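Single-structure report; data block below.
The values are calculated or read from the model by the stated rules, or taken from the named source; none is laboratory data. None of the values given here were measured: they were computed from a predicted structure. With ideal geometry, Cβ positions are generated from the backbone for all residues, glycine too; neighbour counts draw on all protein chains shown. Note: areas computed on protein heavy atoms with side chains; ligands, DNA, RNA excluded. Shrake-Rupley method; radii C 1.70, N 1.55, O 1.52, S 1.80 Å.
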Amino acid sequence: CSNLIQKPESQWTVEEFYDRAKSEFDNGQWKSAIEFYEKLKANFPYGDYAEQAYLELAYAYYRYDEPLSAIRELDEFIRLYPRHPQLAYAYFLKALAADSINRSWLDRFITDPANRDIQSTQQALRAYQEVIQRFPNTDYAIAAKQRIVIITNRLARRDLQVAQFYYDRQAYLAAANRAQRIIEEYPNSQSSRKALVMLRKAHQKMGLDQTAADIQQVIELNR
Amino acid sequence: EDFVISDIQVQGTERIGFETLNTYLPVRVGETLTLGLEQESIRALFRTGFFNDIALFRGDNNELIIQVVERPSIADITIKGNRLIKTDDLKKALTGLGITQGKIFNPVEMERVILDLRRQYHNQGYYAAQVQITSEDLPRNRVALNIDITEGAPAAIERISLVGNNTYTDRRLKGQLLLKETVVFGSADKYSRPKLQADLETLRSFYLDRGFAEFDINSSQVALSEDLTEVYISVNMTEGPQYRIDQISFSGSERIGEDELRELLSLETGELFSRSRIIAGINAIRDRFSDLGFAFAEVDPRVDLNQEDQLASINFVLEEGSRVYVRQIEIEGNTRTRDHVLRREMRQFERAPYSLQAVRQSTSRLNRLGYFSSVNVDTRRVSDDEVDLVIRVEEQPTGSFTAGIGFSQLDGISFNLGIAEKNVLGTGNELELSVNSSVAIQSADLGFTNPYFTKDGVSLSTGLFYSKVNASELNITDYTLDRIGARISVGYPTSELTRLNMGLRIEEVGVNCNTSNFVDCNKFVSDFGKQNAVLSLTGGWRYDSRNSFFFPTEGHRASLSAQAAIPGTSDVTFYKVFLDEAWWTPLTENFTLKLSGSLAFGEGYGDLTRLPFYERFFAGGIGSVRGFEPNSLGGFYTPTEGSNRPRGGDARAITTAELVFPMPLIEDSSNIRLSWFVDGGNIYSTLDGVDPSEFRIATGLGFSWITPVGPLAFSFSRPLKTEKGDKTQSFQFSLGVPF
Amino acid sequence: CGGIKPFKAPVSQGVVIEQAMIDELQVGLSQQQVRSLLGPNYGQHPFRPNIWDYTYATSNRSLHTDAAGRLQLIFDDQGFLESWQVIEADSRKIKL
C-alpha cells in the first residue's frame, strides 16, 4: 500500500485506514494500531468498518495494558450495536479487561491481589457473571466460570484477611461480620471453612458461648 | 398486505453500516411486516437523522429492502472570527451538540447550533455577537462547514444604580461587587450574567450578615443601548430593619447540655443578627452530635422577628435522629498499598457507633502517610441508621530511585545505586539503600523501618552504614573519614499526635589527616588517636498534626531529639540536640503560609570540650538556607590552617517563612508547588554564640515537584542580608532529598 | 499532649442500648419494629435468625456509660418478639 504514503491522511478512504490499522494490529504494534483505529472511528463513525474497529481497538487497548480505555470502547460498542453477532466476545473482553486492572507481575511470587484494589475485582466478577447470564452456552461462558472461581476465592480470602485484622484488634463483631459474609456470599470458596472457625472464635470472645457451640456443630457437620 | 420478512437488505448506504441501522429497526427477520410496523420503521429510521429519504420495498421472495438516501457527513469545520471563546472550546461545545468531523450533517440542527453559540456569547456580555453557518458540498457526499462569528464589542457596563440602600453607601456596596463601572485593567467592567448572579448573592449575604434579617432584592434589571454595547444595571432592594439577637432557646433533644450548646453556638444576646455566624454555630452543634454518633442530626433555626424593637429571637430545634452505626469500611483505588496498611490508620471501626471525630482523624492520618495524592473518606448512607465508609485514594510515587555508572578523571569509573521507598511493595515499610563505589570512595547505607512493628504502632527501624575514602585518589589534602556502624531505634505513640522514640547507635570513625597538616585534624588525632568507636543513646519526641505529608496546608510539626555518647564507652564523648518547629496555616483556598525554625547544637563532655571537628553542623543550600552555597555559612578554614573547607560550628539556627501556592495554569498540580520564601540562619561556634542579628537572609522563588524518580526541588534566590566573604548562589537544585 | 505511657487508639464495637429503649420493648413487636427501636441487629445468631444478641464493648467506657453489655431477644417462628433479657448490664471492657 505504498500509495498511502503520498496521500495525506485527510484523503484516505475508510479501507485505507482499516488496512493500515489492521496491519499494525496483526504484528502487535498496539500503540500505532490504536492511533489508526481511533482515526478511522473519527472520520467514518458509522460504517461496517467502524463496527469492527471498536472491537479491535478495545483488544489493542487491553493488550497495551490500558484496561479502562478498553472497557470504555466496549461499553460504547455494546450501546451502539445491541444486536451485533460479536456481542458475546465484547462482554467477555470487557470482563478480561476489568480482571486485568488489579493484575501485577509480582502476584506470582510475593504479592497477593486479594489485599489490593478490591473494587476492580468486584467489577470483573460482575462482568464475568454477565457473560454467563447473557451467553450461557458459549465457550466464553466456560472460560468465565473458571475465572469466577479464582475471583471468588480472592474475594473470600480478602474478607478473611480483614476478619483477622479486626479479630487481632479485639473488634470481634466486625470480625464475625466479615466471616459471615464469606459463608453467605462465597459458600464454596476455599476460605469458607476457615471463616466458620473465625465466626466461632469471635463469638466466644464476645461471650456468646451458646452461639459459639452452635457454630461448632455446623463446623463438625460439614467436616 | 403483510408478509413474513425472510431477509433484510439495505441499499443506497455509503457510510452507514448494516448493524448501525439494524439497531434502530423495530422489525426483525422472521416477523410479519404489517402496515403499522412499516410506518413505525420509517419513522424510526428518520429519527436517526442519518437519511434524507427512506423507502421500503418487498423483494421477490419476501425480503425487506430498505432504500435510503444518506445525508452528507461533515468533512471538516472551520471557525473564523472568534477571539473571546477559543476555537477548542467552541469545538468542544459543538461536539456536545453532535457536530463533529465525520458525523452526519443535518441542516435542521444548524438553527440550534447558532442559538447555542449566541447564548454563550450573550452570557459573556457580547450581545452584538452574530453567528452564520454556511455549508459547502464536497465530493463523496460530504460537506464542509464554515462558521463565521462577528463578536462585536462586549457590552461595557455604563452604570450600576442601586435603589433602596439607605444604610450603606453606593460606593461601599459597589466595592463588594465583581462588576465595576470603570476598571483600570481586566474585564470587570464587561457585563456577564454569571457575574451579576454572584453579585446579587454577595449583596444578600453582605446585608444578612449585618443584622438585616428581612433584606430582599425586589428586582434587578439589565438594560441595553441600541447598539448593544452599553449596559445599564439597576438593582432594587428593601433593607428592612436591622435586627439584634434577643433570646436564644433550644428545643428537641436534650442530649447536649444547654451551656455547652451556647458555647458551641457562640452567639450573644445583643449581637447583630448574622446569617453566616448562625450557620457556623449550627455546624458546630451538628459536629458535636456527630461525635456522639448522631451523624444525621438536624439543627433548624426558627427565627421570630419583633419589628418594633428590632429584636430577633431564635429557637434552635434539635432533631438528633437515630444513632448511626458504621456497617462496613471499603477501600478503593489502592492499586499498590495493601488493605491493612490503610485500615490500621483508621480510628473508626466496622460494626461500631459512627464518630465524626474518628473519621476526621483517620482522614488526616491517611493523608500524613504520604502514599497518596488524594484521600477522601465518603460516608455512604445504607439505611436510616447505618452508613458505609468508602476510603477513596489515589496512589502516587512514594520513593526515589537513582542509579548510574559514571566516569571522571578524578576517581575513574564509579557506580552508584540509590533507592528510598516509603511504601515498599505497598506494605507500608520504609527502605533506604544507597551503594556507591568508585576507585576513591566506597560507601553503603542500608536502612529499614517498619512503622507498625506491633499492631498498635510501635515502630522499629534499623540501619547499617559503611564508608571509606581513599584521599590520595581524590587529591584531598586536608582529611578524610572512614565510618562503619549500625543503628537501631524503637518508637511508640504517646497520644493521637505525639510519638516518643529511643535507640542505640554504634559507630567507628577513622580520621586520616593527610599531607596538608590540617591543624584541627592533627590536634584531634594527637588527643584521641585515629580510630574511635562511639556507642551513643538516641532519643526524641515528636508532635505531628499536619493534614498531609507532602504539601500540608494546615497543622503543626514539632520535634525534640538528642544523641549522646554513653560515658565510659569511648573518649570521644559528645552530645547533639535538635529542636525543630514547623507551622502551616491556610491564608486563602490556594495560599498557605509556612513558618518554621530549627536549632541544633552540641558539645563535648569528659575529655572533649567541643564537638569533634568532623561532627560540626553546617548550613547553606536547599534544605537549610537557600541562596547561599551548600554548607558555606559560618566561614571557611584559612589556608594557614591547612584546609579550605567550611569551618562549621557547634550550633546552627535556621528560620524560614514561606508562602506556598499551587502551580498556576496547570489543572492537576496536586504534586507541584511554587513558593515565595525568606530563609534566614547561620552557624555559630557555640550555643551561647547564637545571635539572630548575625543571620544571613535570602529571599526567592522555590519550586517543588514529586516525580516518579523522587522529590525534585529548585530555587532562584536573591540575598537580602550578607556579610563580606559569604558565598551566595542564586540557582540551586536537589533531587531525592525529601523536602 | 501525651505522657510516657504508650497510647492505644480506642476501640468500640456493637450497638448502644439505653434503658429507655429497653423500657419500650413489648411482646409481639415485629422484627422490623424492634430493629428501628434498638438499632441495627449486628448480633443476630448466624444460623438461628430468631435469636438476636445486642452487645456493646468499648475500651473507652466514658463515652456511652449507660450502654447495656448484652441484651438477648427471642422471636417466635412468625418473627414476633417473644422474650428478652439483659444478660450483662455493663458494657464489656476492651483491655488494650
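Take the Cβ-Cβ distance between residue B:202 and residue B:132 as r, set R0 to 35 Å, and report the resulting FRET efficiency rounded to the nearest 0.05.
0.35
Please report the buried accessible area for the interface of A with B, total over both chains, probe 1.4 Å, in Å² to the nearest 100.
Looking at A and B, the buried total is near 3200 Å².
Average the reciprocal distances over every distinct pair of alpha-carbons in segment B:225-369, invert the result, and give the Kirkwood radius in Å.
Radius from the Kirkwood sum: 18.9 Å.
What's the carbon and sulfur percent of segment B:499-552's accessible surface, probe 1.4 angstrom, rounded to a whole number?
60
Principal axes first, then extents: for the Cα atoms of segment B:654-739, list largest minus smallest coordinate on each axis, whole Å, largest first.
47, 23, 20
Can you give the average number of partner chain beta-carbon atoms within 10 Å of each beta-carbon in peptide A:167-179, as a whole number?
So the per-residue partner count for this stretch is 6.
For segment A:120-223, report the accessible area per residue in Å² (1.4 Å probe, heavy atoms, rounded to an integer).
Value returned for segment A:120-223: 47 Å² of accessible area per residue.
Given the convex hull of the Cα atoms of segment A:112-166, what is a quarter of its surface area in nm²?
Taking a quarter of the hull surface, the average projection is 3.7 nm².
Would you compute, from DSSP H runs of 4+ residues alone, the mean residue ellipticity of the protein assembly as shown at 222 nm, taking -39500 (n - 2.57) per run and dividing by the full residue count, rounded to the nearest 500?
After summing the helix terms and dividing by residue count, I get -9000 deg cm²/dmol.
Could you tell me the ratio Rg/Rh of segment A:47-163? Both radii from Cα atoms, Rh via Kirkwood.
1.01
Place a point 7 Å from Cα of residue A:216 in the direction of its Cβ. Which residues in segment A:173-209 have their backbone N less than 11 Å from it?
Taking a point 7 Å out along Cα→Cβ of residue A:216, the residues of segment A:173-209 whose backbone N falls under 11 Å are A:201, A:204, A:209.
If packing is taken as the mean number of other Cβ atoms within 10 Å per residue, what is the order of B:454-461, A:176-183, highest first?
Averaged packing, sorted descending, gives the order A:176-183, B:454-461.
With 14 Å as the cut-off, how large is the P(r) tail for segment B:692-739, expressed as percent of Cα-Cα pairs?
Distances greater than 14 Å cover 56 percent of the Cα pairs.
Given labels modelled 7 Å from the Cα in the Cβ direction, how far is it in nm from residue B:183 to residue B:672?
Modelled inter-label distance: 2.7 nm.
Take every residue in peptide B:340-353, count the Cβ atoms of other chains within 10 Å of its Cβ, and give the average of those counts.
6
Return the Cα extents of chain B along principal axes one, two and three, sorted largest first, each rounded to a whole Å.
117, 84, 60
Can you give me the distance in nm between label points at residue B:216 and residue A:27, each placed 7 Å from the Cα along the Cα-to-Cβ direction?
That separation, rounded to one decimal, is 7.8 nm.
Quick one: grab Rg to one decimal and Dmax as a whole number for the protein assembly as shown, Cα atoms only, in Å.
According to the Cα coordinates of the protein assembly as shown, Rg and Dmax are 37.1, 120 Å.
Apply 1/(1 + (r/R0)^6) to the Cβ-Cβ distance of residue B:685 and residue B:512, taking R0 = 22 Å, and write down the FRET efficiency to the nearest 0.05.
Rounded to the nearest 0.05, the efficiency is 0.35.
Please give the helix A:118-134 orientation as an angle from the longest Cα principal axis of chain A, in degrees from 0 to 90, rounded to the nearest 10.
Long axis of A:118-134 versus the principal axis of chain A: about 70 degrees.
Need the list of lysines near residue B:530 for cross-linking: C-alpha distance under 21 angstrom, and skip anything on the same chain fewer than eight residues off.
B:468
Cα-Cα over 26 Å: which of B:594/B:724; B:92/B:190; B:92/B:180; B:455/B:594; A:194/C:8; B:91/B:174?
The answer is B:594/B:724; B:92/B:180; B:455/B:594; A:194/C:8; B:91/B:174.
Test of the criteria: in segment B:635-739, which trypsin sites (Lys or Arg not before Pro) are in a DSSP loop and have at most 13 other Cβ atoms within 10 angstrom of their Cβ?
Taking segment B:635-739 and a limit of 13 other Cβ atoms within 10 Å, the loop trypsin sites (Lys or Arg not before Pro) found are B:724.
Run the accessible area of chain C with a 1.4 Å probe and give the carbon-and-sulfur part as a rounded percent.
Reported share for carbon and sulfur atoms: 51 percent.
State which stretch of chain B is the longest one without any exposed GluC sites (Glu not before Pro), exposure meaning a DSSP loop state and at most 11 other Cβ atoms within 10 Å.
Formally, the longest exposed-site-free interval is B:309-588.
Which positions within segment A:81-106 get 50 Å² or more of their accessible surface covered by the other protein chains, compared to the chain by itself, with a 1.4 angstrom probe?
So the qualifying set is A:83.
Counting Lys and Arg as +1 and Asp and Glu as -1, what is the net charge of the other residues whose Cβ lies under 14 Å from the Cβ of residue B:18?
-4
Could you give the accessible area per residue of chain B, probe 1.4 Å, as a whole number in Å²?
Using a 1.4 Å probe on heavy atoms only, each residue of chain B averages 48 Å².
Starting from the Cα of residue A:7, draw a straight line to each of the lysines and keep only those under 25 Å, dropping any in the same chain fewer than 8 residues away.
Residue A:7 reaches A:22, A:31, A:39, A:41, B:103.
Mind grabbing the interface size between C and A? I mean buried accessible area, both sides, 1.4 Å probe, in Å² to the nearest hundred.
Buried surface at the C/A interface: approximately 1400 Å².
What is the distance, in nm, between label points placed 7 Å from the Cα along the Cα-to-Cβ direction at residue B:722 and at residue A:88?
In this crude label model, residue B:722 to residue A:88 measures out at 7.8 nm.
Which value, in Å³ per residue, describes the convex hull spanned by the Cα atoms of segment C:53-96?
About 70 Å³ per residue, rounded to a whole number.
Counting only protein heavy atoms, what percent of the accessible surface of segment B:9-155 is carbon or sulfur at a 1.4 Å probe?
About 51 percent, which is the carbon plus sulfur part of the accessible surface.
Just give the residues from segment A:41-60 buried by at least 40 square angstrom of accessible area in the all-chains context relative to the isolated chain, probe 1.4 Å, and say none if nothing qualifies.
So the qualifying set is A:43, A:46.
Provide the buried accessible surface between chains B and C in square angstrom, both chains summed, 1.4 Å probe, rounded to the nearest 100.
So the buried area, both faces added, is about 2000 Å².
By how many nm would the segment from residue B:277 to residue B:409 lengthen if fully extended, with 0.36 nm per residue of separation less the alpha-carbon distance?
Answer, rounded to one decimal: 40.5 nm.
Any residues in segment C:12-42 that have 20 Å² or more less accessible area with all protein chains than in their chain alone, probe 1.4 Å, and which are they?
Checking the loss per residue gives C:12, C:13, C:14, C:16, C:18, C:35, C:40, C:42.
For chain B, what is the percent of antiparallel DSSP beta bridges, rounded to the nearest 5?
Bridges in chain B are about 85 percent antiparallel.
Give me the net charge for the shell around residue B:74: Cβ to Cβ below 14 angstrom, other residues only, Lys and Arg +1, Asp and Glu -1.
Taking every Cβ under 14 Å from that of residue B:74, the sum is +1.
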